[in-house]
Amino acid sequence: MDSTPRPRSPSGLRFALDFGPLLLFFLVQKVWGILAATAVLIPASLAAVALTWRLERRLSQATLIGTGLLVVFGVLTLLLREPVYLQMKVTAINVLLAAVLGVGLLRGKSLLKVLFGEGFQLTDRGWRLLTARFALFFLGLGVLNEVLRRVLTMDAWVNFKVFGILGLTFLFTVLQAPLLQKHAPEAQPDRPAGPPPA
């Protein structure tokens with residue numbers, strides 16, 4: 001197995017690659033509407049993925065799945081001139097993430113540990129709890145999107161897609177701090193190696 005560290009993009013460029021296409025989508029939608037914004041979002045997202053691969057020589061599965069769904073639902077939106085397909089993409093990606101995490105738990109695996117295990121350490125129970133919470137969170141986002149896309153105007157829904165989902169995800173992640181502290185390996189009491197002395 002190759003243990004050579006892979007290059008990382010500078011933080012400013014990383015931010016631009018992650019959020020640049022979404023912000024571009026937001027700006028174009030405000031001026032020219034949702035169809036023009038969708039037509040810009042697809043190539044911008046593909047360019048960001050290609051540049052990420054060129055710089056880092058790796059892509060997360062979440063990035064690949066999200067971009068693939070964007071292309072499918074975005075093309076449907078443009079061909080049928082019906083923005084509901086782009087709105088449904090948000091539901092699809094969140095429900096899919098919830099399902100993947102949930103199935104992993106049923107099989108005794110924490111896929112979050114696979115994705116983020118290098119970033120921080122947790123006990124096995126901690127990883128299971130964190131994975132279950134994120135599965136429920138993604139499912140909740142999918143349900144929330146289905147409600148909001150039916151009751152909000154397109155401008156309001158775009159605001160939710162660009163800023164609301166990001167804000168809710170950030171807030172939810174911050175609220176997991178007590179779990180991360182409680183289930184950090186160093187927070188667990190040391191167990192004696194053998195029976196206590198008589």
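Give Phe116, Phe172, Phe138, Phe120 a once-over and let me know the one that is at pLDDT below 95 and either under 13 Å from the mean Cα position of the chain (by Cα) or among the polar types (S, T, N, Q) (or both). Don't jump to the end; show me each part of the working.
On the way: Phe172 fails: at pLDDT below 95; Phe138 fails: at pLDDT below 95; Phe120 fails: either under 13 Å from the mean Cα position of the chain (by Cα) or among the polar types (S, T, N, Q) (or both).
One residue alone meets the criteria, Phe116.
Given Arg191, Arg149, which one is at pLDDT 95 or above and of a type outside the set (Gly, Ala, Ser)? First the steps, then the outcome.
On the way: Arg191 fails: at pLDDT 95 or above.
When all the criteria are applied, what remains is Arg149.
Answer yes or no as to whether Thr52 is assigned by TED's automatic domain parsing to the domain that holds Leu129, surrounded by 12 or more Cβ atoms within 10 Å (Cβ to Cβ) and not small (Gly, Ala, Ser). If you could, list the steps in order and put the result at the bottom.
Details: assigned by TED's automatic domain parsing to the domain that holds Leu129: no; surrounded by 12 or more Cβ atoms within 10 Å (Cβ to Cβ): yes; not small (Gly, Ala, Ser): yes.
Against the criterion (assigned by TED's automatic domain parsing to the domain that holds Leu129, surrounded by 12 or more Cβ atoms within 10 Å (Cβ to Cβ) and not small (Gly, Ala, Ser)), Thr52 does not qualify.
Can you tell me which residue is nearest to Leu22 (Cα to Cα) among those in the range 62-113 that are under 18 Å from the mean Cα position of the chain (by Cα) and polar (S, T, N, Q)?
Taking the candidates together, the pick is Thr67.
Quick test of your reading of the structure: Phe15 fulfils all but one of (1) closer than 20 Å to Leu168 by Cβ; (2) touching a residue at least 12 places away in the same chain (Cβ under 8 Å); (3) under 18 Å from the mean Cα position of the chain (by Cα). Name the failing condition by number.
(2)
Taking Arg128 as the residue in question, decide whether it is assigned by TED's automatic domain parsing to the domain that holds Gly164, in contact with a Leu (Cβ under 9 Å, 6 or more places away or on another chain), farther than 30 Å from Thr153 by Cα and among the charged types (D, E, K, R). Can you show your working first?
On the way: assigned by TED's automatic domain parsing to the domain that holds Gly164: yes; in contact with a Leu (Cβ under 9 Å, 6 or more places away or on another chain): yes; farther than 30 Å from Thr153 by Cα: yes; among the charged types (D, E, K, R): yes.
Taking the combined requirement at face value, the residue satisfies it.
Looking only at the range 74-133, count every residue that is more than 22 Å from Arg149 (Cβ to Cβ), of a type in the set (D, E, K, R) and not in a loop (DSSP other than H, G, I, E, B) and tell me the total. Don't jump to the end; show me each part of the working.
First, the residues of the range 74-133 that are more than 22 Å from Arg149 (Cβ to Cβ): 100-133.
Still in the list and also of a type in the set (D, E, K, R): 107, 109, 113, 118, 124-125, 128, 133.
So of that shortlist, the ones also not in a loop (DSSP other than H, G, I, E, B) come out as 113, 124-125, 128, 133.
So the answer is 5.
The values are calculated or read from the model by the stated rules, or taken from the named source; none is laboratory data. Small disclaimer: the values here were computed from a predicted structure and weren't measured. Every residue, glycine as well, gets a Cβ built from its backbone with ideal geometry; the counts of neighbours run over all protein chains shown.
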